[in-house]
Structure formats: C-alpha cells, structure tokens
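Reading through the structure tokens given below for one structure.
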4 protein chains.
Amino acid sequence: MSQSTINDRKSEHLTLAGLPTMQMSVTNGLDSVQFEPCALPELNFSEIDTRCHLFGKELQQPLIIASMSGGTRASRQLNQTLAAAAEQAGVALGLGSMRIAIEQPEQCSTFQVRSIAPSIPILANIGGAQLVQPEGLSHALKCIDIAEADGIFVHLNPLQEALQSQGDTQWRGVLDAIATLVTLAPVPVIVKEVGHGLGPSTARKLVNVGVQYLDIAGAGGTSWAAIETERSRTDNKAQTGEVFHNFGINLRDSLRSIQQEETLSESLTLIASGGIRSGLDIAKSIRLGASFASAASPILAAANHGTESLTEFLEQWRQQLRISCFVTGCASLRDLRYAPLITPQHL
Amino acid sequence: MSQSTINDRKSEHLTLAGLPTMQMSVTNGLDSVQFEPCALPELNFSEIDTRCHLFGKELQQPLIIASMSGGTRASRQLNQTLAAAAEQAGVALGLGSMRIAIEQPEQCSTFQVRSIAPSIPILANIGGAQLVQPEGLSHALKCIDIAEADGIFVHLNPLQEALQSQGDTQWRGVLDAIATLVTLAPVPVIVKEVGHGLGPSTARKLVNVGVQYLDIAGAGGTSWAAIETERSRTDNKAQTGEVFHNFGINLRDSLRSIQQEETLSESLTLIASGGIRSGLDIAKSIRLGASFASAASPILAAANHGTESLTEFLEQWRQQLRISCFVTGCASLRDLRYAPLITPQHL
Amino acid sequence: MSQSTINDRKSEHLTLAGLPTMQMSVTNGLDSVQFEPCALPELNFSEIDTRCHLFGKELQQPLIIASMSGGTRASRQLNQTLAAAAEQAGVALGLGSMRIAIEQPEQCSTFQVRSIAPSIPILANIGGAQLVQPEGLSHALKCIDIAEADGIFVHLNPLQEALQSQGDTQWRGVLDAIATLVTLAPVPVIVKEVGHGLGPSTARKLVNVGVQYLDIAGAGGTSWAAIETERSRTDNKAQTGEVFHNFGINLRDSLRSIQQEETLSESLTLIASGGIRSGLDIAKSIRLGASFASAASPILAAANHGTESLTEFLEQWRQQLRISCFVTGCASLRDLRYAPLITPQHL
Amino acid sequence: MSQSTINDRKSEHLTLAGLPTMQMSVTNGLDSVQFEPCALPELNFSEIDTRCHLFGKELQQPLIIASMSGGTRASRQLNQTLAAAAEQAGVALGLGSMRIAIEQPEQCSTFQVRSIAPSIPILANIGGAQLVQPEGLSHALKCIDIAEADGIFVHLNPLQEALQSQGDTQWRGVLDAIATLVTLAPVPVIVKEVGHGLGPSTARKLVNVGVQYLDIAGAGGTSWAAIETERSRTDNKAQTGEVFHNFGINLRDSLRSIQQEETLSESLTLIASGGIRSGLDIAKSIRLGASFASAASPILAAANHGTESLTEFLEQWRQQLRISCFVTGCASLRDLRYAPLITPQHL
Ligand SMILES: Cc1cc2nc3c(=O)[nH]c(=O)nc-3n(C[C@H](O)[C@H](O)[C@H](O)COP(=O)(O)O)c2cc1C
Ligand SMILES: Cc1cc2nc3c(=O)[nH]c(=O)nc-3n(C[C@H](O)[C@H](O)[C@H](O)COP(=O)(O)O)c2cc1C
Ligand SMILES: Cc1cc2nc3c(=O)[nH]c(=O)nc-3n(C[C@H](O)[C@H](O)[C@H](O)COP(=O)(O)O)c2cc1C
Ligand SMILES: Cc1cc2nc3c(=O)[nH]c(=O)nc-3n(C[C@H](O)[C@H](O)[C@H](O)COP(=O)(O)O)c2cc1C
C-alpha cells in the first residue's frame, strides 16, 4: 500500500471516529447488567483499591487505552499525548497498528513513546492479515522491539478489510501465524477485534493454539463498518457497507458466552471493550469476568484537548469505578467479580 | 376482465409499489437473526463461492428477481431491463403474472425475453385462482411455452384478490389444480405468496400434493393490502383493507416453523422473500434453511434507473453476501447454513 | 338523582367519548394475536357464512352494538339511528342504561325502537348498582318490557361510579340481585363491564350464581376513568381519576384466562369488547373463544353521520370479518375458532 | 461541616428536587404490576377502611411523608407545613436529616413540630455514616429526644455521599452502630435508602442484627445521583455522577426479592418508597408485601403551595387508595395483600 494511502486512511479514521454517526446504534448490552446496590459497604471509600497488574506492571485501574492512530503527523502527537496521560494516570497503552512503521521505517519514531511512559505496559499492534504476508512474523517481532513493548495486540478485522477498497482479504493461515507468534514472541500476545467482537467460536480456535489474552472489542461502540462506509461514500462500495453498521456480537453476549464455557474461561484473560463509556462500565465488565477494560473513541475525544484533559478524564473513570465498588460494597476488583446483580422481577 | 382494467391495474401496481407507505411497518423478522462473527475466516475473500444452480442453470448468487410487471408498455420495458441485468449478473428472473398474455395474445411478446437472457433461469407466473378457471391448466402450460421458461411460479394471493374490486375469489379446487399442474408441467412448479407469507399449514398441504418448491413471500416487505387499499381509496373498500396492512406470517417465522417439521424441510426447496433488502438478508435466509432468496420492490427501484444501475445493484448484493460469508468464515453457501448465531444473554 | 343531572351526564358522555384522549393508551392485546395465513382457502369467498344466532334471532355477523346513550333528546335520535342500522345490517342492538326511563317515565319512548328493528335482538340495560336499590329487580323487569327486549345487560362499573361525584357506590348485594334476576327474568341476563374488563375472578362468581353470558368490555378501548376524570376537571376529583386511565384487564388476557378454566369456558357464552375496532378484531375474538363481539365508540362515530353511514360501516366490518375468514381458510365462525395462530420464532 | 455548607446544601436539595430532570428516567417497576379488576366488590365504598397503626398511633392511610428538609429557614417552614398537613390528614411524618440540629443546637427547633402534630407518628432521621462518627449513637438518641419522635430513620446513602464534594465516605462500622442503636433506642429504628434502594443482600445484613423496619427508597423516583451531579456541575465531579443517574434497585424488584425469602419477609415490616406517585401505587405496594408507603418529591411539590394544598393532596391519595380497594373488592389493607394480579397472556 502506498505511503500516502496509509497516511490518508489513518487521518480519515481519526477524524471520522469522532462523529456520533460512527457509533453503533445498538448498545454493548451492559445496560441490562445492573448491580444490586449495597447500602452497607462496611468499608471506607479511601480503602478501595482498584490497582492491578498487567504483564508485571502495576496499573491504577484495570484500563487499557485501546489501539488507535497510525503513522501520520497527527498520530505522532496523539501517541505522545496518550503515553503521557497513561503514565500519569497509571493505565496501559495500546499503540495503533504499526504496519506503517514496517513499511516506512522513518515512521518508527511515531511509536517510540517508552521514554514518555517508562512505567506502564505499552502494547504493540499488528494486523492478523499482516502476519501472513511475507515476513509477517518477523515484522511483528520488530514492532515489539520498536515500541519496547510489554505485549503485542494482533487485531482481527475481516469486516473492516472487506469494506476497504484495498483491504487485506487474504486470511488463510492467520490462525497458524498467531500460533507461531505466541511461541516466538518474547512478550504475551493479545488477540483483539476492532469493534465487531470476538465470540465464543473464535475464542475456541484461539485457545486451541495457545492464546491466553483476548480483547473482545464487541459491537456497541465505534462501528468500523460505518467508518469504512463513510470513507468510500464516493465510490460504489458505500451502500455495500451500510448493512453491516451494527454487525457483530456485543460485549455482554461475548463475555457471558465465554464465561459459560469452562475451557474458555479457565484459559483466557479477557479484556472488555466495544462501547465502554464510563468507570461503571468497567465495573460491569469485571463483574462479567473480564480482567481489564479498554476504550478508544471517548479517549480519543478527551486526548484532542491535550494530556491534562485526558489525564483528568482517566481519573474520572477511576473515580466512577471506585464509586461502583463503594456502592456495591467491594473493596477490590476481586470482590467486584462476585457483586450481586439485580434479576428483574417482571410480572 | 377488460384489457384496460388489467393494464391500469398493473400500472398502478408498479407506481404504488415504490412508495414507502406501501411497505409493511413490521419487519420480516431477520433483524432478530444475528450471525456470530468469525474473526478468523481462514480463507481468502477471493475464494468465496456464492454460485449455485437453479433448474440446471448456474447462478452467480442464490437470488431470483421476484415476479413483477404485467402487460403494459411500461412492463415490456421493465421485463427487458430485468432480463438484461439478470443475464449480466447471473441471477434468475421471475416474470410477472402472465394472465394478460393469455387474455390478450398481442401481449405475449412482453414476456418473451429469452433472447435477452439466454443462460439464466426464467420463470413463468400464473395465479392460483387462474388455474381453476376454464382452461386454467392449459393456460399455465402455455405461459411456460411463451416464456420459454425453466419453471413456473403459481402465486397464491387470497388477501390481494379479496381486496380488489373485481378480484378472483373462487378458490375451491386450487390445491387440486396445483397437484395436476405439478404432474403435467414440463418444468418445476414453485408456489409463492405475494407478501403475506406461506406458513407451515399451507406448506403441509402443498407437500402432500407433491409440490417441491416454495417461495415464502412473507410479511415484512411490500404490503399488497396497502397497495390494494390505496388503489380503492375512492370507493368504500378503502378502509376495509387498512386493517390487513401488516397481515401475514413473516419470513423468519415461516422459515423456522417449516424447518422444525422434518417432513416439510426434507421435501421442500425454499425461496426466502418478503422484505429481503440486502446481501446480508440473503445470507440470513440461507442460514435459516432457504436455498434462494428473492426480492421485488428494491429491484424495481433500481430497475427504474436502467439496466446498468440494476446490474450494479445486484452486484452490490452479491458483494454483501460474499462479505457475510467472509465475516462468518464461510467459503460457500453450504457453510453458511451452519454458521453460528448469537443467542442474546439478557440478564 | 335529578332529571337534569342524568341528562347532562349522558350528553357529556356522548360528546367526550368521541375524543381520542378518552381512549386508553394501552391496546386490548389483540395485536399480539396473529393468524397464520392460509394461502389455499379451498373455498369461494361467496360461500363464507358469518351468520349466527343470538337469543333465537339471526345475525348477519356476530356483532352487538354496545350499550350507549341514555335519556336526552340526542340519545333518542341516536337510538333510532342505531336501531335502523342494526336492523338493516342484521346485528344486535344493546340499549344504553335505562335507569332514566324508570326515574322519568316520559323518557320511556327513547328506548322503544322495536318497531324500527323488528327482527334483531334488542337488549335492555341496567346498572348492577341499580339492582340493589329499592325496587331494583322490578325496575330491571320493567326495562325489559319497555324495550320489548330479547335480553338484558347488567353493567358492572364500580370504577366509573367511584369516580362520579354522585356515583352509586353501594355494591353490597349486587351479586345476589343478579342471581335473582337470572331466575326471574323472562329473557337471558348478560353481565358486562363498561371498559375496565371482567376477569376470571369476577367470572367465577357470576358462573356460580348461574350467569351464562358475559360481555368482557376490557381495557384497551374507551376509558371511563378518562371520561369521568374529564367531566370532573373543575372539581378536585379530577386528578384522582387520572391514575386509573388504563386500569383494567384487557380483552385478550380476560378471554384467555377464562378459556383456560374449563368450568368457566364450558358455562359461559362470551362477548368480546373493549377496543374492538375492525372485522379482523371480531375474527380474533372468535378465535380466542368469544361467540360475539361488541363495540361502542367507533359505532358512535359512524352513527353521528346518520343511519346510512352506520349501515355502511357495519357492512365494512362484516366484509373484514369475511376476508379474515377467507385468508385463514375458514368457511364459518365455527372454523375460525380453530384457525392456527403464529408463534413468533424469536432467536 | 460548616454551618453555611449544610444550609446551602439543604437549600439546593429542596430547589433541585423539584426539577423533572432530577427524577430517574426508569420507573419503579410498579407499572408492570396490574390488579385484576373486581367488578363485584360486594361492599359499599363507605365501608372501606384504609386505617392502620404505626408505632401505636393510628393513621388514616398507610402513608409516611418521607424525610426531607434540614436546617434552613425554608425547611423550618416546610417542617411546619408538613406537620400540620400530616396531623390533619392522619399520616406519619418523617423529618429530614437532623444532623444540623446536633451540629448547630440553635437549629433544634426546626425539628420540633410535636405541638403541631400531637397525634401522629413523628420519625427522627440520622445518617448511617453519622452513627459511626464520635458520639454518633448518643446524637441519634438526642435526635429522638429533640423531635419527641416515635421512631428514628437511619438513612444509608453511600452513593450520595460518594458524589458529594465533602461527603461522608467512612462506612466501616455502620452496621454495628445500627445494631447498637436498635438495642439502645427507646423507639423503633427504621433503616432507609434515599432513592437507590435497599436490596435483599442489604436486607439480610440488617435482619441479622435485629432491624425490623425497612424503607426501600428504590430507584424510579428522585435521583440523588442526578441532584448531586447537578450541584457539582461547576467542579469536575459533575460528569462523574451522571452515569449513576438511574443506579439502584427499583421498588418492585426489591419488594419481590425480599418477599421471596421467608427469613426476610417474616422478620421485616416494609415501607415502600422511591417513585410512589399515587394512591394506586400505595395499593400496589401493599399488594407486593409492604405495610406502608412513603414519598418525598410529589409531597414537597404540594407543600410548596401550603398546608391546605398538601392536606388536599394527601386526601386525594387516600381517595385513590380507597378506589383501588373498591375496584379490587377489598374492604381493608389486609384484603389488598391478596388481591389477584393480571398475568399477561402474550402469544
Ligand atoms: C480512531 C481509531 C483508530 C483505531 N485504530 C486501530 C488500530 O490501528 N488497531 C486496532 O487494533 N484497533 C484500532 N481501533 C479499534 C479500537 O482499538 C477498539 O477496538 C474499538 O474502537 C472499540 O472500542 P470503542 O468502542 O471504545 O471505540 C481504532 C479505533 C479508533 C476509534
Ligand atoms: C410492483 C410489483 C408487482 C408484483 N407483481 C406480481 C405478480 O405479477 N405476480 C406475483 O406472483 N407476484 C407479484 N409481486 C409480488 C412479488 O413477487 C413479491 O412476492 C413481493 O413483492 C414480496 O417481495 P418484496 O418485499 O421484496 O417486494 C409483485 C410485487 C411488486 C412490488
Ligand atoms: C358514549 C358511551 C356511552 C355508554 N353508555 C353505556 C351505558 O349506558 N351502559 C353500559 O353498559 N355501557 C355503556 N357504555 C360502555 C360500552 O357499552 C362499552 O362497554 C365500552 O365503551 C367499551 O367498548 P369500546 O371500547 O368499543 O368503546 C358506553 C360507552 C360509550 C362510548
Ligand atoms: C428534597 C429532598 C430532601 C431529602 N432529604 C432527605 C433526608 O434529609 N434524609 C433522608 O433520609 N432522605 C431524604 N430524602 C430522600 C427521601 O426521603 C426519599 O427516600 C426519596 O426521595 C425517594 O422518594 P421519592 O421518589 O418519592 O422522592 C430527601 C428527598 C428529597 C426529595
């Protein structure tokens, strides 16, 4: 793909993702998950501990900034903002697709934010479809090196690729390549979608080849079908994509289906994403079995106002998560997993 | 019925069918059918094969242009447009009711589009109520001849007839006539509704007399009650029809009920129609057990802009169907039948 | 109650009942009852027979004009219009509450429409609460005489009475009085509500004292709570009634609950009312076990345009009922009772 | 907390509570609870008896004015209005949080309305979080003394406190403190929430330490998350609270869950609140197992127009409760508990 093409695409993505119409019109399902309030927390708010560890590093809350950005000037700035705020707030940072850093070595520095964020987990990112291209695996390893990453996201986005004019639609061998990457990579591999969700069928395949980390990225948040449809409005792929606007499995259905299968739930550490919009959503995700939550579009919106604004935003989510713990009587994330839910008593 | 009456009726049908108010206000039920996405298709997009065979002829996708048109000048033009686009796109062509060709032999040529569409299945069309009129059966056979057809649709439309001022409401013997037609016809007989649906009770009767092809034409798309109500607004049958606007069984309920009865599902090849509005809908229909899908009103809309526009439109649906295959990891229509669905996990 | 009071009340009722805001904002539940269409009726439309008998007299369709009107000049006119149209259309006629004819003998003639409607069932009407007042029973018998009635409705309207400034709220003994009336009356006694519904608990009590005819008058149509609330807007009972706007059991729930109890369904002949708004609704009512349907507010609206308009209106409902029979393959009301319904196949 | 701070807070509360946006956008669930009407009450309206006893004193209806107000001039006036109307209407009076009377002894008189309301139950009020502060228990006892109270409400409001800038978020020991208060207090202790509900988990803990009275204050009425969010709009806690706008368990779910656990239902006397908006709601609450109902925001609205207006308002609810009894055939609150409900008969 030509340099300018990737650049343009990434810029368009960053701009379009901000529009409300690029969000799905269905929810991520967490609205039907309601905590039973605990009016007797029997703890002091200050004792609530939302810290946890990801790949050996401590986070102040179980939150990962979702992969965004790419290789444009704008995204260099974005990555620095995200890194600085992540370091200050103590959350993990997922970098955007690093393909451009492989194809255009001068872009590498865009992803080199380790000096800005020395203490938090930084996660590299590569597409599943890139893995099966020539040198795909070594490119993946190189991405880890470039970013001095603690882990690497492999994103699976068949719908997005199918809707792009020049999308990568060669997907034979992707599973094998992931299996090999899991063996070779010096850091953990996390497989993610980009907004249409990983369901139990996909999870089964991944568990079978040794994947231990899944980021759901389910339906209910940013709609990549919408974004790619919008981008191709001028050509006649436009209407093609519209019918997939809400395509996918939502976060709730995915988490619950996976939890119901012991083989899956015992093998996997789950990251909840796709429409996460508050610290209360993080709490609900933990309740449904996730270990971490992640979000892209609202974080992008906050980042557009600078590092301080984003740091404040992340702190607000942490506060909401802490309040969620308080009003359910949970002192820790561990407690949250067993917080009772309301069963509606319709007549 | 007088020549001008049929002509007028058909023109009115073609015009009215374009209005949004002539669509039912209920859905065809496919919105509650959601594919679990497969994020690891393990196939290349280019390998996806949506071809299939209908009556010995190959289609590029399992789609039949639904019966429309009649004997007016406009419909001669329409039939030619439909035929040309069907040939180019490789889909089957259902002709509109050919009654007029019997009653007004000079109209025969309206339906003679074989030279324009030599390689695709062309399907003749006659009303169930016409079959029981004098010479009904030989008329049916004549329709097949005129159109050089590969099959013949018998449409059952009791509600539509009951709402027309001069409708055919003599339905005794229709089932027997169909049974005889199945035995005599040199080509397969497909029984269809026109938008209010064939349910399991009707399917049972038809299977018992040897019918092997059913086109559901269920509630959720074009509302014939609405169209006939609109046409008779001036006389006082108008309000009579309004209460039947959404009458009928929808596509989903019909397909699923039929699938649940082994005798039916084993004996029948099903065509899904009534509100089919995208290639994703085609995919869902295949998933629910149909072998083909069919649509009228959106195809009419595209045909109004000419052959090229319709061909592009049909190609777009094929692309959507292919994408549906891709994102569910299906290489073929056969695979699609077993694609996992999402079970909502409400709390 | 003073003469002018009853007169005024009745006039207000007739005027208010026409306002859309006086209808409940919930449905009568028949919208969730959907016939499976029969695309092979195997009958000729002209053969469909919707005739039936009520108290020895033939009706052209199973419809009773619901009790309305009272003792004003307007209602004398109304009764004559209703009677003439009922006679022409061959439906039964329920007279409005005849209390005024007892209290003001000069009003008797208002209810004497037998000469206008010689061949149809005419049904007298008295309030349950009137029965327990001095001479209540003999008044009831007198009402039958005055109207030369084939039956008598006893309306039970505790909510309406409780919301009227001078309502009859002495209900001790009403059940006993009904029991006695059943024994003494020369014609059958039908117990009805006025729009809030007779549920299974009330049905049980009535069956136990020998009542054989029930008119549900369920929630989903005219709201008497709304009408009485509106009438008392000036005094402070207004807001009191608002919360009862939709109070009651709807037609569907009532019919189905009663059908599920063999003792009830075997002892009772049911009249379906409360929100009946078409011949399709009549068909659904028959399907749910009713023998007749009845309606007030839409009939009042048609009657306001005169006898011819109302006759046409009644004919339209008959036509809709016949079409409902046709498209479900039913030749008679008896068949309709076993017409298959659609079971939604949600996923 | 400084004098002016509490004063300001209370004034803001009283003002904000009147805004429709401060109500939850979910219902309290009572809308799905529908009485089966009884068309044969077999009682005279005048016989209906809604009287009951609370702490040895007779009420004209099972209603408690919910705790509101505080220590401002406005609330002194409010308390006097509430007391006068409560006395006239024969309902119980819950005083607002009396913390200010402890912290600012000159404010004591605000809560001293016994002379205005000599015959009804007056209930003191203190926060659960205040109980664990130094002298908390003796303060509680003092509140009872000041108000010459018949009982004392302990309100549990962890969400509200967590959302206030200077909220009390030390909740260790609250349960023990309640246990002690139950033992020491000369009058009964009622534990309540303030609008997010007491669910079965909390109820279990309270029953275990001997609490016998629970006021649900469930989700569906006034939203304290909304009010505290509004109050802090200027600082950056604002958005933090928005996600909790509808947080909590609603009245119906809470009552039904508690009823389903015999240990709970046998040990507890329940007060239904949170979105109670009519006498019909009171009736439904009694049906679901509550012994009393309570409301704040609609009573505040009526009280703003003076004692007479509020008395009339309370009388209207009593009338609605009586009508609810009449139309369900219940002569007393005891009967109401067994009134049949409608089970919707969807198809
Ligand atoms: C502007 C933007 C750019 C993105 N770029 C990438 C990417 O390069 N790689 C990737 O794996 N996901 C990418 N995503 C997907 C997100 O990581 C995330 O999975 C998805 O947006 C769902 O989260 P949300 O609903 O919180 O936005 C991007 C999302 C946005 C909004
Ligand atoms: C303009 C128009 C004309 C039609 N004419 C016929 C016809 O002649 N014969 C027939 O069997 N069906 C006819 N139909 C019904 C269609 O074949 C189809 O069953 C129905 O419209 C449902 O599909 P849809 O929802 O995609 O429109 C007609 C439909 C339309 C819109
Ligand atoms: C204007 C009007 C007057 C009525 N008067 C009486 C009456 O006198 N006696 C009676 O039993 N019901 C009376 N009803 C109630 C009707 O008989 C019927 O039960 C009720 O309106 C429900 O039917 P609907 O929804 O079709 O209006 C009256 C209804 C209306 C609209
Ligand atoms: C203006 C206002 C002030 C309140 N103050 C108190 C209080 O001081 N103590 C308390 O326990 N509850 C307080 N509440 C909560 C109410 O007692 C009640 O539990 C809650 O508002 C739910 O009832 P509603 O939906 O009828 O308003 C207050 C409510 C309002 C509206």
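At pLDDT 95 or above and closer than 27 Å to residue A:293 by Cβ, is that true of residue A:83? Answer is yes for this residue.
Hey, can you tell me all the residues within segment D:125-140 that are within 12 Å of another protein chain (Cβ to nearest Cβ) and either of a type outside the set (Val, Ile, Thr) or surrounded by fewer than 20 Cβ atoms within 10 Å (Cβ to Cβ) (or both)?
Scanning segment D:125-140 gives D:127, D:128, D:129, D:131.
Here residue C:346 meets each of (1) closer than 30 Å to residue B:157 by Cβ; (2) at pLDDT 95 or above with one exception, condition (2). Being of a type outside the set (Ser, Thr, Tyr) and touching a Phe, Trp or Tyr at 6+ places or on another chain (Cβ under 8 Å) is not true of residue D:175.
Scan segment D:199-232 for residues that are within 13 Å of another protein chain (Cβ to nearest Cβ), touching a residue at least 24 places away in the same chain (Cβ under 8 Å) and in contact with a Leu (Cβ under 9 Å, 6 or more places away or on another chain) and the total you get is 21. The condition (being touching a Ser or Thr at 6+ places or on another chain (Cβ under 7 Å), at pLDDT 95 or above and facing another protein chain (nearest Cβ under 10 Å)) is satisfied by just one residue among A:241, A:289, A:279: A:279. Within segment D:199-225, being crowded, with 18+ Cβ neighbours inside 10 Å, out of contact with any strand residue (DSSP E or B) (no Cβ under 8 Å at 6 or more places or on another chain) and assigned to a loop (DSSP other than H, G, I, E, B) holds for one residue alone: D:199. When residue D:195 is tested against the conditions (1) more than 15 Å from ligand 4 (Cβ to nearest atom); (2) at positive phi; (3) not hydrophobic (A, V, I, L, M, F, W, C), the lone failure is (1).
Looking only at residues in segment B:167-186 that are in a loop (DSSP other than H, G, I, E, B) and within 16 Å of ligand 2 (Cβ to nearest atom), the one that is nearest to the other protein chains (Cβ to nearest Cβ) is B:171. Yes or no: residue B:19 within 17 Å of the chain's Cα centre (by Cα) and either more than 30 Å from residue A:155 (Cβ to Cβ) or away from chain A (no Cβ under 14 Å) (or both)? Judged against the criteria, residue B:19 is not a match.
Close contacts from segment D:32-48, counting a first residue that is more than 7 Å from chain C (Cβ to nearest Cβ) and in contact (Cβ under 8 Å) with a residue 40 or more places away in the chain and a second that is small (Gly, Ala, Ser) and assigned to a loop (DSSP other than H, G, I, E, B), with Cβ to Cβ under 7 Å and a gap of 6+ residues or different chains, come to D:35/D:339; D:47/D:331; D:48/D:331.
Within segment B:147-158, can one find any residue that is more than 8 Å from chain C (Cβ to nearest Cβ), at positive phi and assigned to a loop (DSSP other than H, G, I, E, B)? The answer is yes; a qualifying residue exists.
For every residue, the table says whether it meets (1) in contact with a strand residue (DSSP E or B) (Cβ under 8 Å, 6 or more places away or on another chain); (2) surrounded by fewer than 21 Cβ atoms within 10 Å (Cβ to Cβ); (3) not acidic (Asp, Glu).
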{"position": "C:290", "(1), (2), (3)": "yes, no, yes"}
{"position": "C:303", "(1), (2), (3)": "no, no, yes"}
{"position": "C:309", "(1), (2), (3)": "no, yes, yes"}
{"position": "C:314", "(1), (2), (3)": "yes, no, yes"}
{"position": "C:317", "(1), (2), (3)": "yes, no, yes"}
{"position": "C:320", "(1), (2), (3)": "no, no, yes"}
{"position": "C:327", "(1), (2), (3)": "yes, no, yes"}
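Just one residue in the set D:196, D:245 is touching a Leu at 6+ places or on another chain (Cβ under 6 Å) and not in a helix (DSSP H, G or I); that residue is D:196. Considering only residues in segment C:244-254 that are facing another protein chain (nearest Cβ under 9 Å) and touching a helix residue (DSSP H, G or I) at 6+ places or on another chain (Cβ under 7 Å), the one that is nearest to residue C:177 (Cα to Cα) turns out to be C:247.
Given the condition within 13 Å of residue A:95 (Cα to Cα), of a type in the set (Lys, Arg) and out of contact with any Phe, Trp or Tyr (no Cβ under 9 Å at 6 or more places or on another chain), answer yes or no: does some residue in segment A:142-155 qualify? Scanning segment A:142-155, I find no residue that is within 13 Å of residue A:95 (Cα to Cα), of a type in the set (Lys, Arg) and out of contact with any Phe, Trp or Tyr (no Cβ under 9 Å at 6 or more places or on another chain), so the answer is no. The set of residues in segment C:329-347 that are in contact with a Pro (Cβ under 9 Å, 6 or more places away or on another chain) and more than 9 Å from chain B (Cβ to nearest Cβ) comprises C:330, C:331, C:333.
The values are calculated or read from the model by the stated rules, or taken from the named source; none is laboratory data. As the structure is a prediction and not an experimental result, all values here were calculated from the model. Counting neighbours? That spans all protein chains shown, and the Cβs are built from the backbone with ideal geometry, glycine included.
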